[in-house]
1. Tell me which residues, restricted to region 106-121, are closer than 17 Å to residue 73 by Cβ and either of a type in the set (A, V, I, L, M) or surrounded by fewer than 13 Cβ atoms within 10 Å (Cβ to Cβ) (or both).
2. So which of 54, 98 is loosely packed, with under 13 Cβ neighbours inside 10 Å, among the aliphatic types (A, V, I, L, M), within 21 Å of residue 27 (Cα to Cα) and at pLDDT 90 or above?
3. Of all residues in region 69-109, how many are in contact with an Asp or Glu (Cβ under 9 Å, 6 or more places away or on another chain), touching a residue at least 40 places away in the same chain (Cβ under 8 Å) and of a type in the set (Asp, Glu)?
4. Restricting the search to region 62-84, which residues are of a type outside the set (Gly, Ala, Ser), exposed (fewer than 15 other Cβ atoms within 10 Å of the Cβ) and not in a strand (DSSP E or B)?
5. Scan region 44-61 residue by residue and report those that are of a type in the set (A, V, I, L, M) and closer than 20 Å to residue 107 by Cβ.
6. Among the residues of region 1-45, which ones are within 11 Å of the chain's Cα centre (by Cα) and in a helix (DSSP H, G or I)?
7. When the residues of region 111-126 are narrowed to those that are of a type in the set (D, E, K, R) and modelled with pLDDT of 75 or more, which ends up nearest to the chain's Cα centre (by Cα)?
8. Quick check on this structure: which one of 54, 30 is without any contact (Cβ under 8 Å) to a residue 24 or more places away in the chain and either within 11 Å of residue 123 (Cα to Cα) or of a type in the set (A, V, I, L, M, F, W, C) (or both)?
Amino acid sequence: MSTIDEVCEASKKFYAGLNRMANGGNNALADAWVNNASVTAMHPIGGREVGWDAVMGSFNQVAQLASEGKVELKNQLIQVLGDAAYEVGIEQAQFKLAGHEVSSEHRVKTSIKKMVEPGRWFITIPMSPQPW
């Protein structure tokens, strides 16, 4: 498998987790993220979280309120620089949050890093929304 394919797999795992979260799944993103203090998330609905517990906690809070969701990345572009990569694209999401319809479309940049142990790619800084 090529490096680009490996990074694409990490991205697919991340978006599969986002979709589970958008349908009420707790800890849905745990397998896509590196579990350390440097992991960071900037949410399209506001706020920045730093560290494993804060990031997982914030997504689990959303999962408790989310249902009927779908999250997709369009116009994906991946660039690899050694053991680091980034992905940019347009993220489109539709779901219910506490029973209210929510939709968003925004530019995102995701940082992805290959970790020596266990030797696969993980999300390190996901969902950095960019204003239109």
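1. 108, 112
2. Details: 54 fails: loosely packed, with under 13 Cβ neighbours inside 10 Å.
Answer to the selection: 98.
3. Counting residues in region 69-109 that are in contact with an Asp or Glu (Cβ under 9 Å, 6 or more places away or on another chain), touching a residue at least 40 places away in the same chain (Cβ under 8 Å) and of a type in the set (Asp, Glu) gives 2.
4. 64, 65, 83
5. In the first step, residues of region 44-61 are kept if they are of a type in the set (A, V, I, L, M); the result is 45, 50, 54-56.
Correct list: 45 only.
6. Listed by number, the residues that qualify are 10, 11, 12, 13, 14, 15, 16, 17, 18, 19, 21.
7. Our first condition is that a residue be of a type in the set (D, E, K, R); within region 111-126, this holds for 113-114, 117, 120.
Going one step further and asking which of them are modelled with pLDDT of 75 or more, we end up with 113-114, 120.
Working: 113: 13, 114: 16, 120: 16 Å.
Taking the candidates together, the pick is 113.
8. Working: 30 fails: without any contact (Cβ under 8 Å) to a residue 24 or more places away in the chain.
Criteria check complete, one pass: 54.
The values are calculated or read from the model by the stated rules, or taken from the named source; none is laboratory data. Everything numeric here is computed off the predicted structure, so don't read it as measured data. Cβ: placed from backbone, ideal geometry, glycine included. Neighbour counts: every protein chain shown.
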